[in-house]
Every structure is written in C-alpha cells, then in structure tokens.
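Beneath this line is the structure, given in structure tokens, with notes to follow.
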C-alpha cells in the first residue's frame, strides 16, 4: 500500500444499502465483516511475534467495539482536536446535525487487532515494548510488518466481506419483513 492513504470506491453505495437495515442488523453485519477481514492479519502478526514470548503471540486477538455515535460528536472532536474553541466545536456539531436532516444517529464499529490484556495489563505493555523497544531492549516489530504485508489484501477482503454481509442481512430482513423503506 502506498504511504499516505488509500482510496475507497463504492462507500456511498455501501452506506445506502446499510441504511436499508435496522440498526442492530447493520451493526451485526459490520462486526462480522470487520472481524472476518482482520483475522488473517492477526494470524500473520501471531506468526511474526517473537518466539521467546509465547504469551505474546497467544494474546493477539481481533475484536470490535460498537458505538452508536450521535451525529455531530465527530465534528465536535475534530474541531477540539485541531485546537478550536469550545464555541467553534459546538457550532460544528450543530452544523453537522442540521446537515444530517433529522437523522439522529449513525452506527460505527471499530475493529482492532493486537495484544489483548488477559489477567494483567503488563501483557499489553510487554507487547508494546517488543514492537517499539525500550532503553534496554531492541525493537522486535511484529505488528507493523504484519500490517505492511497484509494491508492491501485486508482492504480487498473487507470490501468483499462488507458487501456479502450487508446483502445477506438485507435478504434476511426482506424474508422477515423487517427491511426499512
């Protein structure tokens, strides 16, 4: 993948299909697609993790966090993060809500992959030290190489998995009579 980003085609078509679903069905489709697409990268990171710490490889997992984010919160955070005033951030939030035309909420699913704290947060700290090193330890990167090797394939898997999951959810909703509009 070229440094500086990537291009996503068809996002508006995907969103239009997602909007046909009830919130719970759309959320579940996003979770399934994201988890499925990310798992091969997690396997690669497990293979690349230093072998002297078996716990590290075993702690690498894929997970999701689902948020119903009120429209405008993102605009608010963006302005505040960019050094804007609270008044400017509130104005940006109001503008985003007006632009949404009455749509109250969007569904977001964050998909993450990496060392997950089991019983002890120290496991995650060890994973970070392995990746980036410390004053006394040379770095042994495993996450970034996994990303570099698999990022383009991940995007292709995600594209296919999103369409599959959303269209399957639409078919199921149509059969049950719960399809919106």
Residue in segment 23-36 that is without any contact (Cβ under 8 Å) to a residue 40 or more places away in the chain, part of a helix (DSSP H, G or I) and under 30 Å from residue 148 (Cβ atoms) present: no
Residue match in segment 132-143 (condition: touching a strand residue (DSSP E or B) at 6+ places or on another chain (Cβ under 9 Å) and modelled with pLDDT of 80 or more): yes
Filter result for residue 158 (touching a residue at least 40 places away in the same chain (Cβ under 8 Å), in a helix (DSSP H, G or I) and crowded, with 17+ Cβ neighbours inside 10 Å): yes
Single unsatisfied condition, residue 120 versus (1) at pLDDT below 85; (2) within 18 Å of residue 15 (Cα to Cα): (2)
Subset tally (residues that are in a helix (DSSP H, G or I), touching a helix residue (DSSP H, G or I) at 6+ places or on another chain (Cβ under 6 Å) and at pLDDT 80 or above) for segment 56-79: 5
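The values are calculated or read from the model by the stated rules, or taken from the named source; none is laboratory data. Bear in mind that the values here come from a model prediction, so they are computed numbers and not experimental data. Note that each Cβ is placed from the backbone with ideal geometry, even for glycine, and that neighbours are counted across all protein chains shown.
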